[in-house]
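Participant: First the structure, which I've put down as structure tokens, then a few questions once you've had a look.
The values are calculated or read from the model by the stated rules, or taken from the named source; none is laboratory data. This one's a predicted model, so the numbers in the text were calculated from it and none came from an experiment. Quick reminder, even Gly has a Cβ in these numbers, built from the backbone with ideal geometry, and neighbours come from all protein chains shown. What goes into the accessible areas is simple: the full protein's heavy atoms, side chains included, and nothing from ligands, DNA or RNA. Shrake-Rupley method; radii C 1.70, N 1.55, O 1.52, S 1.80 Å.
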Amino acid sequence: MFRQLNHLTVSADGRYARAEELNFLRDYLASVDTRISAYEKIRAEGELMADKIQAKQKAENPHCFHYGQRDHSEICRRDLVDAIRLSASAMLFAELDLMRDNFLLWYRTIVKAFNYETMADSTYGKLLPAMIKQLLTPEEQRVMQPVLALSSSILSK
Amino acid sequence: MPTVFAPTYQHQLHQAHPARTNHYSLRDYLQFSSAQGSIRDWYDQRVMLVTEDFVIGLVQGLEEEVGSASALVMYKIGEEWGKRDAVVFRQHFEQDYKRELRKAALTFILEAWWWPFTTQGWGNWDVDLTEQKNGFMFINIFDSVVARTLGDVGKPVCYIYAGLFAGFFTGLIQKPLGCIELQCYAMGETYCKFLVGKQDRIDAAAFWQNEGATARDIEKRLRQGELVTNKG
């Protein structure tokens, strides 16, 4: 959204924007209420979702957050809470490019550095999308889906 | 962990979010000040944008000045830069992550080190540490700024990268290491491959390369533990 606006201000400099160049604004404004309601639900449930996801993962494998000689549960939880918040923000502003450039590409290297790929796959490929699906209405899911798909494609195996 | 003095930075986003570690998008990492006509990075170091013509001018100008020694000069520039960067990086890492460098996972340290370079256009990388215990490692660079600029010239050209890796890893582990580029985008390959290791490995690789061995041949020989003394 921000990049599209930025692009429009440059590309339409010195002339009026054409109707098709304004479509993204129309689409966004039509979905604002849905985005805000989805954002508010995720804001209210983000921490709880992170706890539930970790609880499920630990139930399957109590040592799943042990890397090297340390338990990294707390760090992984913090990262997950951040990721959920950033996903909600990306959905709210329809701004996937910033989410990818500011967070996902960097976080992928951290995931790889700690051999955390299997857990990231379970978190961002399966458990988080399933929880979001339970939390949101079908219409809200529709605006959240691109963000979840982007996270999954970058962080999952 | 000893107390680490954390300076206040002028970079506005850094000031506002000192604990933020995902700050590597171009607009976050660099602060463009049109009033001052300056660009500064996350740690307030001055940065400048250069064109491909600048890179070509630098490489070819140096060749004109010192001939074939330009490769060594570029390597030495990179090596000195890497050694100094290792010192600065250690300070930044310990400030940012509140952890001593030697207690952090090596893969994490390496990612933390290279991200600013990626942001500034030096290319993405991939590090292969599988032979670390045998005293060497491989680094692949995708989109080397030097090779991409010079195009297909049929020989390795990324001496400044090789020097940078040699200097940084020497500074990091406090043991003398060298580096050689085994394959280069400027040789028609799809990416550049570097070998970092103890000098005997680098010398062996350089010997095999001069004999016409490919990067894959050299990699195979090194992984099999063969050194130049076995050449017969």
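Participant: Quick one: in the range B:171-209, which of the residues that are in contact with a Ser or Thr (Cβ under 6 Å, 6 or more places away or on another chain) and not in a helix (DSSP H, G or I) is least open to solvent (accessible area, probe 1.4 Å)? Give the derivation first.
Facilitator: Initially, the range B:171-209 is screened for residues in contact with a Ser or Thr (Cβ under 6 Å, 6 or more places away or on another chain), giving B:176-177, B:185, B:192.
Still in the list and also not in a helix (DSSP H, G or I): B:176-177, B:192.
On the way: B:PRO176: 112, B:LEU177: 29, B:CYS192: 0 Å².
Checked the range B:171-209; the qualifying residue least open to solvent (accessible area, probe 1.4 Å) is B:CYS192.
Participant: Now for a separate question. Which residues, counting only those in the range B:21-32, are facing another protein chain (nearest Cβ under 10 Å) and either in a loop (DSSP other than H, G, I, E, B) or open to solvent by 30 Å² or more (accessible area, probe 1.4 Å) (or both)?
Facilitator: B:THR21, B:ASN22, B:HIS23, B:TYR24, B:SER25, B:LEU26, B:ARG27
Participant: In the list B:PHE168, B:PHE142, which residue meets the criterion of being under 23 Å from B:LEU30 (Cα atoms) and either at pLDDT below 90 or surrounded by fewer than 23 Cβ atoms within 10 Å (Cβ to Cβ) (or both)?
Facilitator: Every option except B:PHE142 fails the conditions.
Participant: Being of a type in the set (A, V, I, L, M, F, W, C), within 14 Å of chain A (Cβ to nearest Cβ) and touching a residue at least 12 places away in the same chain (Cβ under 8 Å) narrows it down to one residue among B:VAL157, B:VAL127, B:VAL146; which is it? So that I can check it myself, show each step before the final result.
Facilitator: On the way: B:VAL157 fails: within 14 Å of chain A (Cβ to nearest Cβ); B:VAL146 fails: within 14 Å of chain A (Cβ to nearest Cβ).
So the residue among B:VAL157, B:VAL127, B:VAL146 that is of a type in the set (A, V, I, L, M, F, W, C), within 14 Å of chain A (Cβ to nearest Cβ) and touching a residue at least 12 places away in the same chain (Cβ under 8 Å) is B:VAL127.
Here is a yes/no grid of residues against (1) within 23 Å of A:LYS58 (Cβ to Cβ); (2) at pLDDT 90 or above; (3) touching a helix residue (DSSP H, G or I) at 6+ places or on another chain (Cβ under 7 Å); (4) of a type outside the set (S, T, N, Q):
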{"position": "A:SER89", "(1), (2), (3), (4)": "no, yes, no, no"}
{"position": "A:LEU96", "(1), (2), (3), (4)": "no, yes, yes, yes"}
{"position": "A:TRP106", "(1), (2), (3), (4)": "no, yes, yes, yes"}
{"position": "A:THR109", "(1), (2), (3), (4)": "no, yes, yes, no"}
{"position": "A:LYS126", "(1), (2), (3), (4)": "yes, yes, no, yes"}
{"position": "A:ILE132", "(1), (2), (3), (4)": "yes, yes, yes, yes"}
{"position": "A:LEU135", "(1), (2), (3), (4)": "yes, yes, yes, yes"}
{"position": "A:MET144", "(1), (2), (3), (4)": "no, yes, yes, yes"}
{"position": "A:SER152", "(1), (2), (3), (4)": "yes, yes, yes, no"}
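Participant: While we're on this one: Within the set of pairs 6 or more residues apart or between chains, which connect a residue that is more than 8 Å from chain B (Cβ to nearest Cβ) and within 15 Å of B:THR119 (Cβ to Cβ) inside the range A:94-107 to a residue that is of a type in the set (A, V, I, L, M, F, W, C) and surrounded by fewer than 20 Cβ atoms within 10 Å (Cβ to Cβ) with Cβ atoms less than 6 Å apart?
Facilitator: Note: pairs meeting the criteria are A:LEU104/A:ILE154.
Participant: Among the residues of the range A:114-137, is any assigned to a helix (DSSP H, G or I), at the interface with chain B (Cβ under 9 Å from one of its Cβ atoms), open to solvent by 30 Å² or more (accessible area, probe 1.4 Å) and not β-branched (Val, Ile, Thr)? Spell out how you get there, then give the answer.
Facilitator: Of the residues in the range A:114-137, the ones assigned to a helix (DSSP H, G or I) are A:117-135.
Then keep just the ones that are at the interface with chain B (Cβ under 9 Å from one of its Cβ atoms); that gives none.
No, every residue in the range A:114-137 fails to be assigned to a helix (DSSP H, G or I), at the interface with chain B (Cβ under 9 Å from one of its Cβ atoms), open to solvent by 30 Å² or more (accessible area, probe 1.4 Å) and not β-branched (Val, Ile, Thr).
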